[in-house]
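Participant: There's a structure below that I have some questions on.
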Amino acid sequence: MDSYKLKSREIPLNTTYEVIVVGGGPAGCTAAASAAREGAKTLLIEATGSLGGMGTSGLVPAWCPFSDKEKMVYRGLAGKVFETLKAQMPHVKPEALDWVPIELEKLKVVYDNLVTEAGADVLFLTSLAEVETDGQGNVTAIVALNKGGLQAFRAPVYIDCTGDGDVAAWAGAEYRKGDSATGDLQPATHCFILGNVDEYAYLNGPLLHKENPQSPIHEAVASGRYPEVPDTHLCNNLIAPRAVGFNAGHLWQVDNTNAHSVSKALIRGRKMAAAYRDMLAEIQPASFGNAYVASTGTLMGTRESRRIIGDYVLTVDDYVSRRSFEDEICRNSYFIDVHGTEKEEKSEAGSAQTITLYGPGESHGIPYRCLTPRGLRNVLVAGRSISCERRVLGSVRVMPVCLAMGEAAGLAAALAASADGDVHAVNVGRLRQRLREEGAYLPEMSAAGNRGDVR
């Protein structure tokens, strides 16, 4: 590829913010709300036209579990988002905690209110264009692009909630991506919504999920009649009247840091959504005979991207041992959910990397050090790009734990901004105290660490 040298020019510089959050997905929303709640002047920069990421623009139809099969473990702002949306969905039982459906337009407003009522500013349709550093581990400014052109922003502390670790990686942080031997990434999914579904037939027909051996998806894929339907992955939820959301099928070799790769996947994903509609109309006509594709995600459902190396790397051993940490900022109980290679998924064997061993009441801690990139002084990372082994990413990538991590990152950023900006020097005792005061689930070490080492 040829190169082009940009002409030197000056652009506007905004220095009014103390904390800048890049990326308005679940982690970014709670990070911005948390930082602003602590009194830090906060800006949230989002590339799309709405907040919420995968739960809104990505059309993921349901929350992963909020409980450890005994109680809610993602509390604080995470619990507030979850309960606020659930209260607006009459068909969801008030006591429901696991695999609760998402009505995306209502969730967009929940996030809008969460962030703005806390006092943070939001800048939509604005993309990160550049990260400036001093070569000593400090981000000195970020450059953003929107319809107003290029503009620089400078703040004492930045939070990377891009999902791909863009801020940290562009600032020079060390990272890992994909399988260390092959470079393979977990497959993506392009979620979609079918409208005009017959609710009675849908709710009283066979469970479509592939975990049901009697689901018609098994025979349909095995028949070979639907070549655009790649495998039996078929998560689905009634998200609104006569509307069913689908997290279905896989797209392999999609790299969310490569725009060409994502663009091709979006085109193919829209074709797949139509193929799923046609297949479902044939195999389940009472439910889907008159259905149509109401929407496809404006974001690709990415499961894996960069993992920024932090002061601590969360390991599979930590997960299996249910480890607790003196600096943990949340608990996590979701299983290690790794989506496999094309061969694995098409054989219905699934990935051998998946671990589903947690029982009721079991969880592990996520230490603050997983949010602090090694070698960067004034940057925090929250969301699926935290410091962890690849296999553990299969657990910490989902929305409930991202919400919890975001709240901790925002609070830590406010504490750092009120001092000298060093995120590694944050008083973790104070951070954990404030999280508890705001309702976070952080059990005492004796209770949390009874199944693993305390670090």
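The values are calculated or read from the model by the stated rules, or taken from the named source; none is laboratory data. Quantities reported herein were computed from a predicted structural model and do not represent experimental measurements. Here the Cβ is made from the backbone with ideal geometry for all residues, glycine too, and neighbour counts use every protein chain on show.
Participant: Could you say whether any residue in the range 62-76 is in contact (Cβ under 8 Å) with a residue 24 or more places away in the chain, under 23 Å from Leu123 (Cα atoms), of a type outside the set (D, E, K, R) and in the same structural domain as Thr162 (by TED's automatic domain parsing)? Give the steps one after another, and end with the answer.
Facilitator: Going through the range 62-76, the residues in contact (Cβ under 8 Å) with a residue 24 or more places away in the chain turn out to be 62-76.
Narrowing the set further to residues that are under 23 Å from Leu123 (Cα atoms) leaves none.
No: zero hits.
Participant: Among (1) of a type outside the set (Lys, Arg); (2) in contact (Cβ under 8 Å) with a residue 12 or more places away in the chain; (3) closer than 15 Å to Leu185 by Cα, which single condition is Thr315 missing?
Facilitator: (3)
Participant: Just a yes or no: is a residue in the range 432-440 without any contact (Cβ under 8 Å) to a residue 60 or more places away in the chain and acidic (Asp, Glu)?
Facilitator: Step one: of the range 432-440, the residues without any contact (Cβ under 8 Å) to a residue 60 or more places away in the chain are 433, 436-437.
Within this subset, residues satisfying the condition of being acidic (Asp, Glu) are 437.
The answer is yes, given that some residue of the range 432-440 is without any contact (Cβ under 8 Å) to a residue 60 or more places away in the chain and acidic (Asp, Glu).
Participant: Here is a list: Gly148, Gly183, Gly178, Gly165. Which entry is over 20 Å from Ala281 (Cβ atoms), of a type in the set (Gly, Ala, Ser) and at pLDDT below 95?
Facilitator: Sole residue among the options that is over 20 Å from Ala281 (Cβ atoms), of a type in the set (Gly, Ala, Ser) and at pLDDT below 95: Gly183.
Participant: Taking the range 283-328 as the region of interest, how many residues are closer than 26 Å to Gly195 by Cα and β-branched (Val, Ile, Thr)?
Facilitator: The number of residues fulfilling the criteria is 5.
Participant: A follow-up question, please. Just to be sure, is Ala27 closer than 21 Å to Tyr111 by Cβ and part of a loop (DSSP other than H, G, I, E, B)?
Facilitator: Criteria not met by Ala27.
Participant: Quick one: which residue in Pro285, Pro230, Pro216 is free of Cβ contacts under 8 Å to residues at least 40 places away in the same chain and not acidic (Asp, Glu)? Talk me through it step by step, then tell me what you get.
Facilitator: Working: Pro230 fails: free of Cβ contacts under 8 Å to residues at least 40 places away in the same chain; Pro216 fails: free of Cβ contacts under 8 Å to residues at least 40 places away in the same chain.
Only one candidate passes the filter, namely Pro285.
Participant: For the range 169-190, enumerate the residues that are farther than 18 Å from Asn258 by Cβ and among the small types (Gly, Ala, Ser). Working first, answer last.
Facilitator: Filtering the range 169-190 down to residues farther than 18 Å from Asn258 by Cβ leaves 171-174, 180-181.
Scanning the range 169-190 gives Ala171, Gly172, Ala173, Ser180, Ala181.
Participant: Looking at the structure I just gave you, is Ile336 more than 29 Å from Leu97 (Cβ to Cβ) and at pLDDT 95 or above? Walk me through how you get there before you give the answer.
Facilitator: Working: more than 29 Å from Leu97 (Cβ to Cβ): no; at pLDDT 95 or above: yes.
No: the conditions fail for Ile336.
Yes/no per residue for (1) among the hydrophobic types (A, V, I, L, M, F, W, C); (2) touching an Asp or Glu at 6+ places or on another chain (Cβ under 8 Å):
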| site | (1), (2) |
| --- | --- |
| Met1 | yes, no |
| Lys7 | no, no |
| Ile45 | yes, no |
| Gly55 | no, no |
| Phe66 | yes, yes |
| Ala87 | yes, no |
| Val92 | yes, no |
| Glu105 | no, no |
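Participant: How about the range 326-377: which of its residues are closer than 22 Å to Arg307 by Cα and among the aliphatic types (A, V, I, L, M)?
Facilitator: Within the range 326-377, Ile329, Ile336, Val338, Ala352, Ile355, Ile366, Leu371, Leu376 qualify.
Participant: How about the range 152-269: which helices (runs of 4 or more DSSP H) wholly inside it have at least 1 residues that are surrounded by 17 or more Cβ atoms within 10 Å (Cβ to Cβ) and of a type in the set (Ser, Thr, Tyr)?
Facilitator: On the way: elements: 166-170, 199-204, 216-223.
Answer list for the range 152-269: 199-204.
Participant: Further, regarding this structure: Quick one: would you say Gly359 is small (Gly, Ala, Ser), over 16 Å from Thr30 (Cα atoms), in a loop (DSSP other than H, G, I, E, B) and assigned by TED's automatic domain parsing to the domain that holds Tyr441? Step through it out loud before you land on a result.
Facilitator: Numbers: small (Gly, Ala, Ser): yes; over 16 Å from Thr30 (Cα atoms): yes; in a loop (DSSP other than H, G, I, E, B): yes; assigned by TED's automatic domain parsing to the domain that holds Tyr441: yes.
When the stated conditions are applied, Gly359 passes them.
Participant: Within the range 403-415, does at least one residue satisfy the condition of being surrounded by fewer than 22 Cβ atoms within 10 Å (Cβ to Cβ), assigned to a strand (DSSP E or B) and assigned by TED's automatic domain parsing to the domain that holds Ala40? Explain how you work it out, then say what you get.
Facilitator: To start, the set of residues in the range 403-415 that are surrounded by fewer than 22 Cβ atoms within 10 Å (Cβ to Cβ) comprises 415.
Right, trim to assigned to a strand (DSSP E or B) and you get none.
Checking the range 403-415: not a single residue is surrounded by fewer than 22 Cβ atoms within 10 Å (Cβ to Cβ), assigned to a strand (DSSP E or B) and assigned by TED's automatic domain parsing to the domain that holds Ala40.
Participant: Right, something else. Going by what's in this entry, would Lys93 be described as at pLDDT below 95 and in a loop (DSSP other than H, G, I, E, B)? Steps first, please.
Facilitator: Numbers: at pLDDT below 95: no; in a loop (DSSP other than H, G, I, E, B): yes.
Spelling it out, it is not the case that Lys93 is at pLDDT below 95 and in a loop (DSSP other than H, G, I, E, B).
Participant: Right, next: Please state which one of Arg75, Arg37 is charged (D, E, K, R) and over 27 Å from Asn146 (Cβ atoms). Spell out how you get there, then give the answer.
Facilitator: Numbers: Arg37 fails: over 27 Å from Asn146 (Cβ atoms).
Exactly one of Arg75, Arg37 is charged (D, E, K, R) and over 27 Å from Asn146 (Cβ atoms), namely Arg75.
Participant: Suppose the filter is assigned by TED's automatic domain parsing to the domain that holds Glu46, within 19 Å of Ile45 (Cβ to Cβ), in contact (Cβ under 8 Å) with a residue 12 or more places away in the chain and not in a loop (DSSP other than H, G, I, E, B); does Leu107 pass it? Spell out how you get there, then give the answer.
Facilitator: Numbers: assigned by TED's automatic domain parsing to the domain that holds Glu46: yes; within 19 Å of Ile45 (Cβ to Cβ): no; in contact (Cβ under 8 Å) with a residue 12 or more places away in the chain: yes; not in a loop (DSSP other than H, G, I, E, B): yes.
Considered against the rule, which asks whether it is assigned by TED's automatic domain parsing to the domain that holds Glu46, within 19 Å of Ile45 (Cβ to Cβ), in contact (Cβ under 8 Å) with a residue 12 or more places away in the chain and not in a loop (DSSP other than H, G, I, E, B), Leu107 comes out as no.
Participant: Let me ask you something else. From Arg384, Arg434, Arg391, Arg377, which residue is under 21 Å from Val19 (Cβ atoms), part of a helix (DSSP H, G or I) and at pLDDT 95 or above?
Facilitator: Details: Arg384 fails: part of a helix (DSSP H, G or I); Arg391 fails: under 21 Å from Val19 (Cβ atoms); Arg377 fails: part of a helix (DSSP H, G or I).
Of the residues listed, the single one that is under 21 Å from Val19 (Cβ atoms), part of a helix (DSSP H, G or I) and at pLDDT 95 or above is Arg434.
Participant: If you don't mind, there's one more thing I want to ask. Could you tell me which numbered condition Gly23 fails, if it satisfies all but one of (1) surrounded by 24 or more Cβ atoms within 10 Å (Cβ to Cβ); (2) not assigned by TED's automatic domain parsing to the domain that holds Arg384?
Facilitator: (2)
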